[in-house]
Every structure is written in C-alpha cells, then in structure tokens.
2 protein chains.
Amino acid sequence: MLLSIEPDGPVPIYQQIRDRIVEAIARGRQPAGSALPPIRQLAVDLGVNFHTVNKGYDLLRQEGLLRLGRKSGAVVRRDASSGPPDPGWAQDWTSRLQTLLAEAAAQGMPATGIAGECQAALADFAFPAAVAEVRNRGGGSP
Amino acid sequence: MLLSIEPDGPVPIYQQIRDRIVEAIARGRQPAGSALPPIRQLAVDLGVNFHTVNKGYDLLRQEGLLRLGRKSGAVVRRDASSGPPDPGWAQDWTSRLQTLLAEAAAQGMPATGIAGECQAALADFAFPAAVAEVRNRGGGSP
DNA sequence: CCATTTGTTCTATATATTATATAACAAACA
DNA sequence: TGTTTGTTATATAATATATAGAACAAATGG
C-alpha cells in the first residue's frame, strides 16, 4: 500500500494525496528521480476518480516537487538534498508554521512539548549528510 | 487594527479570522478572560458579513478557545496558562505538524533551519512562567 | 511506422463549501 | 423595559470538490 486515504475526512482527497506524497519525499521513501504510480493506476488503487489524483499531482507540480511527462509519468523533481528552497515559498511557509504552533500554545501545550514534537518529526526525515563542514581551517587537503 | 484580512486570498475569511485570534491568544495579546469585539462590530470593521465572523467565532468555540454568551459576548476561554491540551486534539495536531514540516524538508530547508524557525515562532508566544521547577533537591524552603 | 502508455484537456453533472443578505428570535444585563 | 448580544432560519450566488465519459497529444518502444 503506497498510499492510504480517508474518503470521508474533512480534508479533500486530492489534498490528502498531495500530503502523503510530500511526507514520502521528506522521509526519503520517494527520493528525487523516483517514479510515482501513473494517475489512472493510483486512482484505481485508491478507489477514486483519476481526475482527483490528477489534481493532487498537478498541485505537487506547481509546488516544484513533481515533474510530469507524457510517457515518463510522474517523477519526483526535488527532495531535501536538491538545494535551498525558494524565498517566496519560505515566507508563506513560515506564516503557516506560526499559525500551527500558535494553536498548540493556545491549547496549552508547553514550549518544551512543542519543540519536542518538532524534533521528533524532523527525526523521521532524510536530510542530506553534512558536507564541506569545515573550510579554511589551516589549508585544504594535504 | 485588531485584525487584518486578505479578502481575495486562498484561505477562507472565517478561517483567517480564526487563525488571527489563535495567534493573538498564543502571543498573550488576548489572554484567557479577555473580550473580543462583538460579531456585528468586527464584521463592520473587516467589511464582511456578520455570518462570516460568526462562523470564525463558532469554530473557536468548538476548539474550546472561546466562550460565547448572549450579552457577555465572546470571551477567551483558555490560553497557554490554562492547563494541558486534550489528548485527542494533540494527536490530530501532531499529524498536521508532520505534514507541514515534511513540506519544508522536501523543499530543501535544512533541519537546522526548520528547527530555528520553530524556535523563532515559539519566542513570540506567552508561555506561563516556570513554576515548581525543582522539587526534592534536599529539602524545600529553609 | 505503429501501437501503447501516459499525461492533458474538454464537457457535464452533483454535491458541498463559502459568503452574502435579510429577518426574526432569545437570553443577559442595566 | 429596552438594549445589547449571540443564535437561528431562509434564501441566493459563486466557488470548490468529486465523479464521469470522451477525446487529444506527446513520448516511448517494438
């Protein structure tokens, strides 16, 4: 089972598809270059219309995460190792992060608890190994 | 200006109202017990229908953040100092956090950057002062 | 070249959500 | 008693979501 969906939940199906794929990319289960199921096949697997899957894929393309080709299908375009994010995107994301963390604070979750949940989530993601960590520390390779 | 709204944005107006109030509570600008503007007045201030404001207030009531009374109006029911969150809510919130942080990781934001943004957001919130920080450290007050 | 695979586009329909508008109702308070 | 406030009801229009069927078009491979 590559994806699972809640058809009767409050969040739209195409959005759930988008969310699950974003998480798969972050966790390294779908690295840059890896292929996703064809629209029609995933639609059959999930028991939804193929237009709904198409909408989710198209959303991911707009976000720069997917590359869609006629015969090549859907391929992951970038992941955590593909360079820094777009500044415009970062601004919007920070705004959404503030709202989400504010909700936790208002609901009474302590600062340590919120920070801990963030760290726990990050621990599940596949970040690139640190590289070129030290430069100009007396002279390059021997 | 207590609230500002983007009428033509992608996020519904009633949701924006809810988000801004949640942030005001988290930042301590609307502590538990403080009053919010009456529905009709806020509607006039924002240039929207009062049903839209009512929907935002009602959402906050469902989330346990507001208490609505006939003549008493809308009063903040809880904030960061009002005790721990509901376990059911925490589970849902954690799920939404994972999706949001996964998006940042997939977009190439480094783990340190994500953690830093979380800390920066938390720094703007009003958490209760630590209390009873040390117990059983050899004997209470002298 | 041909046929298949795959995304893309188009039209249509049904339902739900969002926002506005107007009116009336009901409780709390001075 | 009257005013302030939230609440409920009905109606309408615009937009979003999901499904359905059909056809188109590019890329790939035999």
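The values are calculated or read from the model by the stated rules, or taken from the named source; none is laboratory data. Because the structure is predicted, anything quoted here is derived from the model rather than measured. Heads up, the Cβs are rebuilt from the backbone with ideal geometry, glycines too, and the neighbour counts pull from every protein chain shown. Side chains included, ligands, DNA and RNA excluded: accessible areas come from the protein's heavy atoms. Shrake-Rupley method; radii C 1.70, N 1.55, O 1.52, S 1.80 Å.
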*Which value in nm describes the separation of the simple spin-label points at A:THR94 and B:ALA32, placed 7 Å from the Cα toward the beta carbon?*
3.2 nm
*Might you work out the accessible area of B:SER4 for me, using a 1.4 Å probe with all protein chains in place, and round it to the nearest 10 Å²?*
80 Å²
*Evaluated over segment A:48-116, the Cα radius of gyration and Dmax, each in Å*: 17.0, 51
*Running Debye on the protein assembly as shown with equal point scatterers at the Cα sites and no solvent, what base-10 log of I(q)/I(0) appears at q = 0.13, 0.16 Å⁻¹?*
-1.00, -1.28
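Note down the net charge around B:LEU68, summing +1 for each Lys or Arg and -1 for each Asp or Glu among other residues with Cβ under 10 Å from its Cβ.
Details: positive: B:ARG61, B:ARG67, B:ARG70, B:ARG77; negative: B:ASP58.
Result for the neighbourhood of B:LEU68: +3.
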*Gained length - A:ARG61 relative to A:ASP124, 0.36 nm times residue gap less alpha-carbon distance*: 20.3 nm
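Could you give the accessible area per residue of the protein assembly as shown, probe 1.4 Å, as a whole number in Å²? Provide the component values of the computation, followed by the final result.
Working: 16490 Å² over 284 residues.
Each residue of the protein assembly as shown exposes 58 Å² on average to a 1.4 Å probe.
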*Round to the nearest 10 and report in Å² the accessible area of B:LYS55, as given by a 1.4 Å probe over the protein chains' heavy atoms.*
120 Å²
_Charges on Cβ only, +1 for Lys and Arg, -1 for Asp and Glu, centred on the Cα centroid of segment A:1-92; of A:LEU68, A:VAL48, A:ILE21, which one is farthest towards the dipole's positive end?_
A:LEU68
_Calculated from backbone phi, Karplus (6.51, -1.76, 1.60) coupling profile of segment B:29-35 in Hz, x at Gly/Pro_ = 7, 10, x, 3, x, 6, 9
*Which value, in debye to the nearest 20, describes the size of the charge dipole of the protein assembly as shown about its Cα centre when Lys and Arg Cβ atoms bear +1, Asp and Glu Cβ atoms bear -1, and nothing else is charged?*
100 debye
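Buried accessible area between B and A (1.4 Å probe, both chains summed, ligands and nucleic acids excluded), in Å² to the nearest 100?
Numbers: alone 10330 and 10300 Å², together 16490 Å².
Accessible area lost upon association: around 4100 Å².
Calculate the dipole size of chain B relative to its Cα centre from +1 charges on Lys and Arg beta carbons and -1 charges on Asp and Glu beta carbons; express the result in debye to the nearest 20.
Values: 15 positive and 14 negative charges, 149 e Å.
The calculation lands at about 720 debye.
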*For chain A, how big is the tail of P(r) above 17 Å, as a whole percent of Cα pairs?*
70 percent
*Where does helix B:13-26 land angle-wise versus the long Cα axis of chain B, in degrees 0 to 90, nearest 10?*
30 degrees
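On average, how much area does the Cα convex hull of segment A:13-76 cover when viewed from any direction, in nm²? Display every interim value, and only then the final one.
Details: hull surface 15.3 nm².
Mean orientational projected area (segment A:13-76, Cα hull): 3.8 nm².
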*Picking from A:ARG20, A:ARG70, A:ARG40, which is most flexible by a Gaussian network model of chain A using Cα springs under 10 Å?*
A:ARG70
*Nearest-to-axis residue of chain B, judged by beta-carbon position, where the axis maps B onto A, in Å*: B:CYS118, 2
*Mind checking which lysines have their Cα closer than 22 Å to the Cα of B:LYS71? Skip sequence neighbours fewer than 8 apart in that chain.*
B:LYS55
_Calculated label separations, A:THR112, copies of the chain, 7 Å along the beta-carbon direction, nm_ = 2.6
_I want to verify a result. In a Gaussian network model of chain B, Cα cutoff 10 Å, which of these has the top mean-square fluctuation: B:PRO110, B:PRO12, B:PRO31?_
B:PRO110
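Give me the percent of the accessible area of chain B that comes from carbon and sulfur atoms, probe 1.4 Å, all protein chains in place.
Working: 4170 of 8240 Å².
Using a 1.4 Å probe with all protein chains present, chain B comes out at 51 percent carbon and sulfur.
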*asked:* I want to check the label-to-label distance for B:LEU68 and A:VAL11. Put each point 7 Å from Cα in the C-beta direction and report it in nm to one decimal.
replied: 2.6 nm
*Would you calculate a helix-derived [θ] at 222 nm for chain B, using -39,500 (n - 2.57) for each DSSP H run of n ≥ 4 and dividing by the full residue count, to the nearest 500?*
-15500 deg cm²/dmol
